[in-house]
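The values are calculated or read from the model by the stated rules, or taken from the named source; none is laboratory data. The shown structure was predicted, so the numbers you read here are calculated from the model rather than taken from an experiment. We place every Cβ from the backbone using ideal geometry, glycine too, and count neighbours over all the protein chains shown. Ligands, DNA and RNA are excluded from the accessible area calculation, which covers all protein heavy atoms including side chains. Shrake-Rupley method; radii C 1.70, N 1.55, O 1.52, S 1.80 Å.
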Amino acid sequence: MALRLAELLGALSLATDLGNGLAPEHGVRMALLATRLAEGDTRVALRDVYWTGLLRYLGCNGFSVEESRFAAGNDIGLRAAFVRNDIGRPAVFMRTVLAEVGRGAPPLARLRGVVDLLTSPGAPRAHAHAQCEAALLCGRKLGMEGAVLEALLTIDERWDGSGMPNGTAGEALPLAQRYVEAARVAAVAHSVGGPQAVAPELGRRAGRHLDPGVVERFNGRAPALLDLLAPDSVWDAFLAAEPGMWLIGEASLDALCDAFALMVDLKSGYFAGHSHAVAALARDAALGLGLGEGEAKLVWRAGLLHDLGSVAVPTGLWDKPGPLSAAEWERVHLHSYWTDRALRRSPALAPLADAAGRVHERLDGSGYHRGDGSALPMPARLLAAADVYRACTETRAWRAALSADASAQVLQAQAAQGRLCQRAAQAVLAAAGHGRGRAIGMHEDGRRAAGSAGSAGSAASESGDSGDGDLSPREIEVLRWLVRGLTNKEIAKALAISPRTVQHHTIHIYAKAGVKSRAGVGLWAVQRGLFR
């Protein structure tokens, strides 16, 4: 069956909109606007502009952990403030930091975040590396190449060369990037100040942030382009604007789900590998129940996307070491709603919604977001059980990881209480190896044996990656702490080694992974099954 990639990515772009504090349909509106703006320019392929616009925010989740630390837990608020303002200008950056960082947090927490950000001169470049590396990896998985990947690697660059990470300037910037950046600024300005705010904002940025020629082109077409920024839905116009219809097959749909699982799990350093592991475990449980290859594939895809809406929740809530308040719980509970809504936007993804969007429902009605588990389909029951088991085996900010046996006991207790399906729970435990002697195959250094049931390694094999890049057992330990966003001093304390030794290991890890960001090394590690 042929599937339309624009429809799939357009639906999933709701997650990147929410993760950046933007209005729904911002991503598709930006792609549409950039494409219309570039029409008639024979120097650039409209296809490249269209896909660059749609994927422009794909890697923004890559710096969530660090942004959360700077913004008193509210990484989304920080990104939204930076998106609205021309932070490439030092005065604007300072004004934005002082006015927006940690807004709503206690004064001391805000002050600490502002000081941390202003005393971290490498943060902007680190952010750019994280965003670009995440976007590049996910873009490749989606089948993008050439000019689109070049544009995604320069999304934080500026016309005047003051951007990041490489200071690429002027005509050296890909044309697709220049059109998309002008469309992005126009769309944000319109959402903040209405149509009258667009021309002044573009004018302020022309020759600095933006290509002055592209801004002049926008002004010459302003009436027609501004119509595209009206608050009405642009979904149909976005699909109609695609330069040629890109159809994909089942294998490419798998790659798309895989890419978004990687993107979503960057939200917290504690989530690395979670979506892939849940998906693999639930799929194996489905096969163990005899559901058939087709339904097992649906379970696997839904498992990869079951936390899609988590990007709409500030990282500070996911990483909070203490109990959440009632208001904080409400925000967390909504993440399953956003997962459901994004998937239902595309007819091809809608069949996954009944499973992915109901992972946190419980048979006794105690789950969320509907609070009704009376008719949960078996795929949702399997994913719910797999999610509970896997989460128990993983470290969280408020507790250490539980052993496999202790995790099994939690799962069995919830099934006995009527919260989880007994049959699904037993299938998950069987898929995880319980009842077959040793619960889960492990290497002597603690890593899962390749291909063991429910492991991140089996998920990695889906993408064709394997091996650990010849990391030593100690480097793997350092990597697992590094991905959580800890400093060298914090890692050193956790492992009872010196910060200098941690720095030495970190340099080797980045070199072996061939990346320059925490997000990049985290993605590299997840694909190789280096998280239990």
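Tabulated results
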quantity	calculated
Residue identified as part of a loop (DSSP other than H, G, I, E, B) and under 30 Å from TRP246 (Cα atoms) among GLU145, GLU150	GLU145
Residue check, VAL192 assigned to a helix (DSSP H, G or I), open to solvent by less than 30 Å² (accessible area, probe 1.4 Å) and over 22 Å from ARG345 (Cα atoms)	no
Considering residues of segment 81-120 that are touching a helix residue (DSSP H, G or I) at 6+ places or on another chain (Cβ under 7 Å) and part of a loop (DSSP other than H, G, I, E, B) only, the residue most open to solvent (accessible area, probe 1.4 Å)	ARG103
Qualifying positions in segment 1-59 - farther than 22 Å from ALA80 by Cα, of a type in the set (Val, Ile, Thr) and either buried (at least 23 other Cβ atoms within 10 Å of the Cβ) or modelled with pLDDT under 95 (or both)	THR35, VAL49
Residue match in segment 308-329 (condition: under 19 Å from the mean Cα position of the chain (by Cα), over 19 Å from GLY62 (Cβ atoms), buried (at least 20 other Cβ atoms within 10 Å of the Cβ) and at pLDDT 95 or above)	no
GLY303 being surrounded by 20 or more Cβ atoms within 10 Å (Cβ to Cβ) and either of a type in the set (S, T, N, Q) or over 22 Å from ARG69 (Cβ atoms) (or both)	yes
Hits in segment 129-168 (condition: basic (Lys, Arg) and open to solvent by 30 Å² or more (accessible area, probe 1.4 Å))	ARG140, LYS141
Subset of segment 300-316 (residues that are of a type in the set (A, V, I, L, M), closer than 16 Å to HIS274 by Cβ and either out of contact with any His (no Cβ under 6 Å at 6 or more places or on another chain) or not in a loop (DSSP other than H, G, I, E, B) (or both))	ALA302, LEU304, LEU305, LEU308, VAL311
Pairs with Cβ under 8 Å, 6+ apart, first in segment 206-228 and closer than 22 Å to PRO90 by Cβ, second at pLDDT 95 or above and among the β-branched types (Val, Ile, Thr)	ALA206/VAL215; HIS209/VAL185; LEU210/VAL185
Single match in ARG204, ARG178, ARG208 (criterion: closer than 30 Å to LYS516 by Cα, among the charged types (D, E, K, R) and part of a helix (DSSP H, G or I))	ARG178
Qualifying positions in segment 482-501 - within 18 Å of ALA126 (Cα to Cα) and either assigned to a helix (DSSP H, G or I) or of a type in the set (Val, Ile, Thr) (or both)	LEU482, VAL483, THR487, ASN488
Residue match in segment 361-383 (condition: of a type in the set (Phe, Trp, Tyr) and touching a His at 6+ places or on another chain (Cβ under 8 Å))	yes
Residue within segment 329-341 that is of a type outside the set (Asp, Glu) and touching a Pro at 6+ places or on another chain (Cβ under 6 Å) present	no
Qualifying residues in segment 351-375 (those that are modelled with pLDDT of 95 or more and of a type in the set (A, V, I, L, M, F, W, C)) - the one nearest to ASP387 (Cα to Cα)	VAL359
Looking only at segment 345-362, and only at residues there that are part of a helix (DSSP H, G or I), in contact (Cβ under 8 Å) with a residue 24 or more places away in the chain and open to solvent by 20 Å² or more (accessible area, probe 1.4 Å), the one that is farthest from ALA427 (Cα to Cα)	PRO351
Inter-residue pairs, beta-carbon under 9 Å, first on the phi > 0 side of the Ramachandran plot and at pLDDT 95 or above and in segment 143-168, second of a type in the set (A, V, I, L, M) and open to solvent by 20 Å² or more (accessible area, probe 1.4 Å), 6+ apart	GLY161/ALA169; GLY161/ALA172
Test: ASP405 is at pLDDT 95 or above, under 27 Å from the mean Cα position of the chain (by Cα), acidic (Asp, Glu) and not in a loop (DSSP other than H, G, I, E, B)	no
Test: residue in segment 510-527 that is assigned to a helix (DSSP H, G or I), open to solvent by less than 70 Å² (accessible area, probe 1.4 Å) and more than 24 Å from GLY59 (Cβ to Cβ)	no
Identity of the residue in segment 219-232, hydrophobic (A, V, I, L, M, F, W, C) and outside any loop (DSSP other than H, G, I, E, B), that ends up surrounded by the fewest Cβ atoms within 10 Å (Cβ to Cβ)	ALA224
Selection count where residues are in a loop (DSSP other than H, G, I, E, B) and either within 20 Å of ASP284 (Cβ to Cβ) or open to solvent by less than 20 Å² (accessible area, probe 1.4 Å) (or both), scope segment 363-401	5
Where GLY288 falls short, out of the listed (1) in contact (Cβ under 8 Å) with a residue 24 or more places away in the chain; (2) touching a helix residue (DSSP H, G or I) at 6+ places or on another chain (Cβ under 8 Å); (3) farther than 30 Å from VAL428 by Cβ	(3)
Selection status of VAL185, touching a residue at least 12 places away in the same chain (Cβ under 8 Å), among the β-branched types (Val, Ile, Thr) and in contact with a strand residue (DSSP E or B) (Cβ under 8 Å, 6 or more places away or on another chain)	yes
From the options GLU171, GLU216, GLU250, GLU242, residue that is under 26 Å from the mean Cα position of the chain (by Cα), over 26 Å from ALA80 (Cβ atoms), modelled with pLDDT of 95 or more and open to solvent by 10 Å² or more (accessible area, probe 1.4 Å)	GLU242
Residue identified as in contact with a strand residue (DSSP E or B) (Cβ under 9 Å, 6 or more places away or on another chain) and assigned to a helix (DSSP H, G or I) among LEU33, LEU8, LEU78, LEU18	LEU8
